[in-house]
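Following: one structure in structure tokens, then a few remarks.
Read-outs throughout are calculated quantities, based only on the coordinates presented, and are distinct from any laboratory measurement. Small disclaimer: the values here were computed from a predicted structure and weren't measured. Reconstructed Cβ throughout: ideal geometry from the backbone, glycine too, with neighbour counts over all protein chains shown.
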Amino acid sequence: MKFSYSWLTEHLKTNAHFEEIKNKLTSIGLEVEDIQDTGKAYQDFIVGEVLEEKKHPNADKLKLCKVDIGKEKVDVVCGAPNVEKGMKVVYAPVGSTIPINQMKIKAAKIRGVESYGMMCSEYELGISNEHDGIIRLEEKETVGRSFSEIYGLSDIVIEIGITPNRQDCLGVKGIARDLASAGMGELLERKISREKGSFKSPIKIEIQDNKICSAFAGRYFRNVKNTESPEWLKNKLKSIGLRPISALVDITNFVMYDENRPLHVYDADKIVGKIIVRTANDGESFLALDEKDYYLKNGMCVIADEKKVLGLGGIMGGESTGCSTETKNVLLESALFDEISTAKTGRNLSILSDARYRFERGIDPNSTLKGIDLATQLILEICGGECSEVELAGNIKENKNEVSTSSSYISKRLGFKVSDKELISILSSLGIETSQTGDVIKCSIPSWRQDIHGEADISEEVIRIKGYENIPTSNIRLKSKINKNILNYAQKKLMKARHFIASIEYDELVTFSFTDSKNCEVFGDINKLKIVNPISEDLDILRPNLLPNLLQAIKKNKNRNFDSFSIFEIGSQYRSTSPEDQLNVACGIKSGIKTEKSWKNIQTIFDIYDVKQDLTSLIDYLMPGNKKISVSNDCPSWYHPGRSGSIKINNSVIAGYFGELHPRVASQFKIKNKINIFELYLDELPNTEKKTTNKPVLNLSDFQIVTRDFAFVIDKKVKSEEVVTSAFKVDKELIRNVEIFDLFEDDSLGKDKKSIAIKVTLQSNEKTLAENDISEISSKIIKSVEKSTSGTVRS
Amino acid sequence: MKDFRELEAEIKKASDKFTNIESINEFRIKFLGKKGIISLEMKELASLSGEERKQHAEKLNKIKDSVLEIIASKTEELNSEELEKKLKSETLDITLSTSKSYGTIHPISQVIEEVITIFGDLDFFVAEGPEVETDYNNFTALNTSEHHPARQMHDTFYVETETDGMPNVLRTHTSPVQIRSMLKQKPPIRLIAPGKTFRCDNDQTHSPMFHQVEGLVIDQESNMSHLKGCLEIFLKTFFETDKLNMRFRPSHFPFTEPSAEVDIGYTKKGNQLIIGEGEDWLEILGCGMVHPNVLENVNINSNEYQGYAFGMGIERLAMLKYGISDLRTFFDSDLRWNKHYGFSPLNIPSIIGDLS
């Protein structure tokens, strides 16, 4: 909301400095967002008259002018095409600063001719985009007059942010009222004469649905002249950025910004029969004042006559009854439209208008007739003519809210003592009448405050006027804890996972929760993930998986010359757009160069064993202690079917996957590198929260450790893990570890055969193993492995 | 009595000629070997008797000890010479190097962990809610009815699923976690809820996805002065400063009454933003006393209980604290940015150690 300081002082008698008022506005909740001291910026510019105009001797497009500026006559070189003798212009003297570019005017020789000052266009003055020529002022303007006076710019324009609850401050008067309440002066009442009207309005008004419009006051004016508005009115509107249109329209705008009372004027000669306030019928349409056709739906509030829709109640008038300079007879409307219905219709049709903005926030019912009075006075004064009596349909209900409170409630909420006396005094400064019975203070809320409904609202009024800076600061540390845990198990797991993954060289990314449906069919059911109003076409679904955005990130960074990627994200992916279908996943990618070729190393590249190791060590970190991790080949379709595995914990659920990205998916994302991925479904990890802080008992054996190596030739398709497990199970006590130390594939072994070599570590808790103990267990190992892998031991 | 002077002289003579370990070995064999001079003399002791044997033995043992000592010290000397020689030849170019790198933690995660650490110390637990929310939790229960003008300030993303006949939304703020938590838990309540939030807005200063942290305290006495105390501790700790100009301004949120916006003071020195001091104000968060209607919506008696809530933008906190100038870079996945602004995984925010 914009207003000028001079406009404010029409409503507020104050001795306060501007600075004080500015600070007070913010401290009572009317946050000052911008201040423009236009008076200062324009103080040097004055009216000049071009006395002579001739061609510049050395330049075709320049003209040499003699300009009368009152106290003297100066030579000015000018390049504007429209400069001519006798023209009244805006003159910028030497030493002034041009607002648009902050250029300081100096006396200068232009192409060999002295020039003192400059004649300005609206563009140069920062008033509009008009830069085709210099400003042509009206001929009657006096030479030497301050330009800012003519344009109404000798003022300070203040812009404040109005929160949705403060409908009362959408007019200058309301702002003045609030400042007065906060001790910044005295609210002035505008003197408005109340015209009775000399005849009955020939246009009757009928409200068919009083839910959408509870009251509609109309007044007929005959023989008005819809001229240009007087300078004071035009300048007022211009000062707050509104374009003057015609006296009638300007008057309604003025009343809206002054009293927060939206009005509308109809060309009465274009109304057929009576005015009917009703709900629209499906399929009706009308041409609004913004020159757009709107198609209406049942339930919307329209103002109609007996033939057609004239306007959308509380939102926008129609072109068909708009006022022009020819308009002679008008109907002035001041109505009370329903907040919700106005909000709905406005949103449905996407119309933003000043009237809608105000009606959906609630309008002071008492302004209905006051607005008519103020507008009547101005119309008669500016446009002449005669007015009818006011025709009122419906009821103006005051709906005075009553709220009971007490100083103890207010004190308890605000955190410091507020006495009855102080409370009552603050409330009365706000126009809230009070009556006290015992501790209870009954408040009667004035009609302009539609936002005060309960005691909590009263507490806000008190602290707002008293000042938020007066709230003390209290300690919030508690004597005893109220929460057993700050983070729960799942949250700790997430945080641990993040730090662990980053510690093994991955950079954490945070990408959008949206992604492009185009490449995502493979990851989930994109039809279940649609966003109704996406920000752009390529962010049209919730991500079914973390991979698509990470793959995009790889592509982007590849273009930035990165050739080694270790990136991860921990976040949510979605099965559908139901609130419960959100999963926590950690997803990491390693791709490209693992070790750079150097004086010490040869170049190596990442493969699936890197991500497998990362995934299993991550699981180990998150779930310390005994567990059984098994790997199988059943991976989702975005993995390379032969180079991927799923990880099962304790033979129950699948907790994650690792492997190479399916080449088809890679090519969809236009990625040529091999992408090695791990995914860990964090919600699936069994809860292994510590039940005791004790570690398991440690059993150490001091007897000698023995190792034996074995090699087996087995079919290629047999998983090497089978060799390990079948060796292990021979003697769970003696066999401490089984490890594969060599893998060898060669045709000399036979077709589709491979050789796996294992190192078995043996130790007893009871004795040093003798040679025959060792050979006995060795032959058992060989038998067991040969049996379960159908392989043969190599000797 | 036998005079061992000759033997001693011979020992001395031989021990001057050591050049390497082998010569020491020869020396040892010559005197202490099975057929060494001293060993043979020892054998002869058996033929002596009485006092003479005792005296001879004593003398011989002394000589034997001196030989052992010569061997030990000379060996030590020679080894040490050898090592010195070896060390001189064993040089590596220490200007060569290899590197070990860690990954990085994203600034958003870092700031969320810092916030959790500070509030955790004040006994706030971390609550959560889903990113797809019901219209009721996101708006209605928070005292923002269907046609409330405040809804228009939230450019809401809608999805195709519905709850109770209303389309579900991507939560526009973390405040619905208040509702979920209060339905689950009775007062006293102290919680924060960090998380992702979404608004249909995309320009230089808006991102369609961003992060917030919500705070909620409900008990029988928490009031505006506690809210002020709470935010003061938080902001001072977070910005790691003892001086903090803080300003409360009235504002409006449908779910708090009174509502306030909080500004903190700052000055600019060159390109650096110094938080805490100075005449200029930066808006940092919104807060207020929980509206009684919100408490009633979650079946908490608003005559008995009251409390405060606050919400702030994680990205904004990160930008101000770490001097990140552009909001949109957080989600750009430019690895140069991540490596520059990211944090070491070993540096877990702590109240007793370093927060950042």
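Farthest towards the positive end of the charge dipole of chain A, among the residues A:Phe512, A:Ile458, A:Gly117, is the Cα of A:Phe512, using unit charges on the Cβ of Lys, Arg, Asp and Glu.
Residues of B:103-111, mean number of Cβ from any other protein chain within 10 Å of their own Cβ, rounded to a whole number? Before the final figure, lay out each step's value.
On the way: counts 15, 7, 7, 9, 2, 2, 8, 2, 0.
Mean partner-chain Cβ count within 10 Å for B:103-111: 6.
Choose one of B:Leu78, B:Ser302, B:Leu170: the residue whose Cα lies farthest towards the positive end of the charge dipole of chain B (beta-carbon charges +1 Lys, Arg; -1 Asp, Glu; about the Cα centre). Looking along the dipole axis, the top candidate is B:Leu78.
Across peptide A:458-465, the average count of Cβ atoms from other chains found within 10 Å of a residue's Cβ is 4.
Between A:Lys518 and A:Asn348, the modelled labels are 3.7 nm apart [label points 7 Å from Cα along Cα→Cβ]. Placing one identical point scatterer on every Cα of the stretch A:44-145 and ignoring solvent, what is log10 I(q)/I(0) from the Debye formula at q = 0.17, 0.19, 0.23 Å⁻¹? Evaluating at q = 0.17, 0.19, 0.23 Å⁻¹ gives log10 I(q)/I(0) of -0.71, -0.90, -1.35. Indicate the gyration tensor shape class of the stretch A:489-684 (rounded, prolate or oblate), computed on the Cα atoms with a ≥ b ≥ c the square roots of the eigenvalues: a/c under 1.5 is rounded; otherwise a/b larger than b/c is prolate and the rest oblate. Verdict is oblate for the stretch A:489-684. Here the label points at A:Thr688 and A:His453, each 7 Å from Cα along the C-beta direction, are separated by 5.3 nm in the simple model.
Entry note, chain B: relative contact order of 16 percent, from Cα contacts under 8 Å with a spacing of 6+ residues. Counting 0.36 nm for each residue step from A:Val793 to A:Ser503 and taking away their Cα separation leaves a gain of 100.3 nm. Write out the chymotrypsin sites (Phe, Trp or Tyr not before Pro) in the stretch A:169-260 meeting two conditions: DSSP loop, and at most 15 other Cβ atoms within 10 Å of their Cβ. Counting only loop positions with at most 15 other Cβ atoms within 10 Å, the chymotrypsin sites (Phe, Trp or Tyr not before Pro) in the stretch A:169-260 are A:Phe199. Taking a Cβ cut-off of under 14 Å around A:Ser720, the surrounding Lys, Arg, Asp and Glu residues balance to a net charge of +1, with basic ones at +1 and acidic ones at -1. Using C-alpha pairs below 8 Å separated by at least 6 residues, the relative contact order for the stretch A:700-795 is 45 percent.
Treating the beta-carbon of each Lys and Arg as +1 and of each Asp and Glu as -1, no other charges, what is the dipole magnitude of the stretch A:489-684 about its Cα centre, to the nearest 20 debye?
In total the dipole reaches around 460 debye.
The residues neighbouring B:Lys88, those whose beta-carbon lies less than 14 Å from its own, together hold a net charge of -2 under the Lys/Arg +1, Asp/Glu -1 convention. Apply the a/c threshold of 1.5 to the C-alpha gyration tensor of the stretch A:571-726 and tell me whether it is rounded, prolate or oblate. Because a/c hits 1.5 or more and a/b fails to exceed b/c, the stretch A:571-726 counts as oblate. Over the stretch B:226-339, the alpha carbon radius of gyration divided by the compact-protein estimate 2.2 N^0.38 Å works out to 1.28.
Near A:Glu130: Cβ cut-off under 15 Å, other residues only, Lys/Arg at +1 and Asp/Glu at -1. The net charge is 0.
With helices as the sole contributors, the protein assembly as shown gives -9000 deg cm²/dmol at 222 nm; each DSSP H run of n ≥ 4 counts as -39500 (n - 2.57), and the sum is divided by every residue. Using Cβ point charges alone (K and R +1, D and E -1), the dipole size of the stretch A:402-470 about the Cα centre works out to roughly 160 debye. Under 1.5 on a/c is rounded, so check that first for the stretch A:706-793, then, if it is not, pick prolate when a/b is larger than b/c and oblate when it is not; a ≥ b ≥ c are the square roots of the alpha carbon gyration tensor eigenvalues. Prolate shape, in that a/c is at least 1.5 and a/b is the bigger ratio. Shielding of peptide A:493-503 by partners, expressed as the average count of other chain Cβ atoms within 10 Å per residue Cβ, is 4.
Of A:Trp448, A:Trp599, B:Trp281, the sequence from fewest to most neighbouring Cβ atoms within 10 angstrom is A:Trp599, B:Trp281, A:Trp448. If you plug the beta carbon distance of A:Ser285 and A:Ile340 into 1/(1 + (r/R0)^6) with R0 = 30 Å, you get a FRET efficiency near 0.85. Between the listed residues A:Ile647, A:Asn395, A:Leu550, the Cα displaced farthest toward the positive end of the dipole of the protein assembly as shown, a dipole computed from Cβ unit charges relative to the Cα centre, is found at A:Ile647. Charges were assigned to the Cβ only: +1 to each Lys and Arg, -1 to each Asp and Glu. The resulting dipole of chain A about its Cα centre is roughly 2040 debye.
Show me the ranking of peptides A:551-563, B:308-320 by mean Cβ neighbours inside 10 Å, starting with the highest. Mind dumping the intermediate values first?
On the way: A:551-563: 16.2, B:308-320: 22.5.
Most protected by this proxy first, the peptides run B:308-320, A:551-563.
Mean separation of Cα pairs under 8 Å and 6 or more residues apart, divided by the residue count, gives chain A a relative contact order of 8 percent. Highest mean packing first, where packing is the average number of other Cβ atoms within 10 Å per residue, the peptides A:697-707, A:407-417 line up as A:407-417, A:697-707. Take B:25-35, B:231-241 and order them by the average number of nearby Cβ atoms within 10 Å per residue, most first; the result is B:231-241, B:25-35.
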